[in-house]
Amino acid sequence: MFSGFFDESIMKRAIDNKLIEVNIVNIRDYANDKHQIVDDSPFGGGPGMLLKIEPLSKALESLKHSKIIYTSPQGKTFNQNIAKELFKEEEITIIAGRYEGIDERVIEEFVDMEISIGDYVLTGGEIPAMAIIDAVSRLIPGVLGNKASYEEDSFYNGLLDHPQYTRPAIYKNKKVPDILLSGNHAKIEEWRLKKSLERTKERRPDLLEKRKFTKKEMILLKEIENEK
Ligand code: 4FV
């Protein structure tokens with residue numbers, strides 16, 4: 001599942017430019033029994049299988065120096081702040097679960113952080129692992145074309161992104177907002193900030209709760225209030 005993810009586009013370039021190094025560890029290589037069994041049925045009964053402790057422990061033993069992450073619905077919900085935190089790590093190991101999950105003793109012994117990418121159930125932890133690798137890698141200077149890209153990100157300043165447009169300026173009578181064609185960068189910045197505040201207030205008021213506002217933002221929030 002990872003070949004496509006690492007062999008294309010920005011991730012491939014980051015690997016080729018040695019900005020990130022990826023080692024994929026097959027847990028089955030650490031199952032030393034004849035049939036290389038990696039899963040077994042849960043104690044206490046119940047549906048499905050679990051990843052066994054022996055192969056996983058042997059695979060993780062030499063990686064204890066790294067930040068070990070397990071992706072599961074029981075984890076804390078992934079967000080940009082966690083991505084920024086992980087960005088500071090030298091080396092990250094991500095356990096991508098399968099079946100119903102992994103033996104709890106592996107989590108107790110090895111896992112530093114359990115992360116969920118959302119309240120829904122997937123067939124495996126690979127896609128969550130890719131999401132984490134993508135969000136963290138693009139923060140590494142040089143991975144994205146230009147540095148500015150992630151400084152303009154959604155959530156970079158804790159707000160949702162403002163609307164974006166590109167050529168043509170008119171399409172089937174749908175016009176791009178004039179302000180964006182004005183060349184007045186100060187006015188454009190203000191318009192974008194106001195749009196971000198408006199959207200965040202409408203769609204994600206939770207993001208505004210703990211947020212500190214600049215004077216400028218307070219003024220714009222007042223305007224938005226009055227324009228309702
Ligand atoms: C998941 C999530 C997730 C649970 C059992 C994989 C599945 C299966 N991971 N965020 N949502 N994992 O659904 O991180 O092994």
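Brief remarks on what is shown
- Verdict on LEU160 being at negative phi, more than 16 Å from the ligand (Cβ to nearest atom) and assigned to a loop (DSSP other than H, G, I, E, B): yes
- Cβ-Cβ contacts under 7 Å between residues 6 or more apart (or on different chains), taken from a first residue in the stretch 70-86 that is modelled with pLDDT of 95 or more to a second residue that is within 13 Å of the ligand (Cβ to nearest atom) and open to solvent by 70 Å² or more (accessible area, probe 1.4 Å), are listed as PRO73/ASP119; PRO73/VAL121.
- Counting only residues that are surrounded by 13 or more Cβ atoms within 10 Å (Cβ to Cβ), of a type outside the set (A, V, I, L, M) and under 26 Å from ILE132 (Cα atoms), the stretch 29-52 holds 3 of them.
- Among the conditions (1) away from the ligand (no atom under 12 Å from the Cβ); (2) surrounded by 15 or more Cβ atoms within 10 Å (Cβ to Cβ); (3) closer than 19 Å to TYR30 by Cα, ARG105 misses just one, which is (2).
- Residues of the stretch 129-143 that are within 16 Å of the ligand (Cβ to nearest atom) and either open to solvent by less than 10 Å² (accessible area, probe 1.4 Å) or touching a residue at least 60 places away in the same chain (Cβ under 8 Å) (or both): ALA129, MET130, ILE132, ILE133, ASP134.
- Screening GLN80 on (1) under 12 Å from the mean Cα position of the chain (by Cα); (2) closer than 21 Å to LEU207 by Cβ; (3) within 13 Å of the ligand (Cβ to nearest atom); (4) of a type outside the set (A, V, I, L, M) shows it passes everything except condition (3).
The values are calculated or read from the model by the stated rules, or taken from the named source; none is laboratory data. Just so it is clear, the structure is predicted and the values come from calculations on it, not from any experiment. Cβ atoms come from the backbone with ideal geometry, glycine included; neighbour counts cover every protein chain shown. Calculation scope for accessible area: heavy atoms of the full protein, side chains included, ligands and nucleic acids excluded. Shrake-Rupley method; radii C 1.70, N 1.55, O 1.52, S 1.80 Å.
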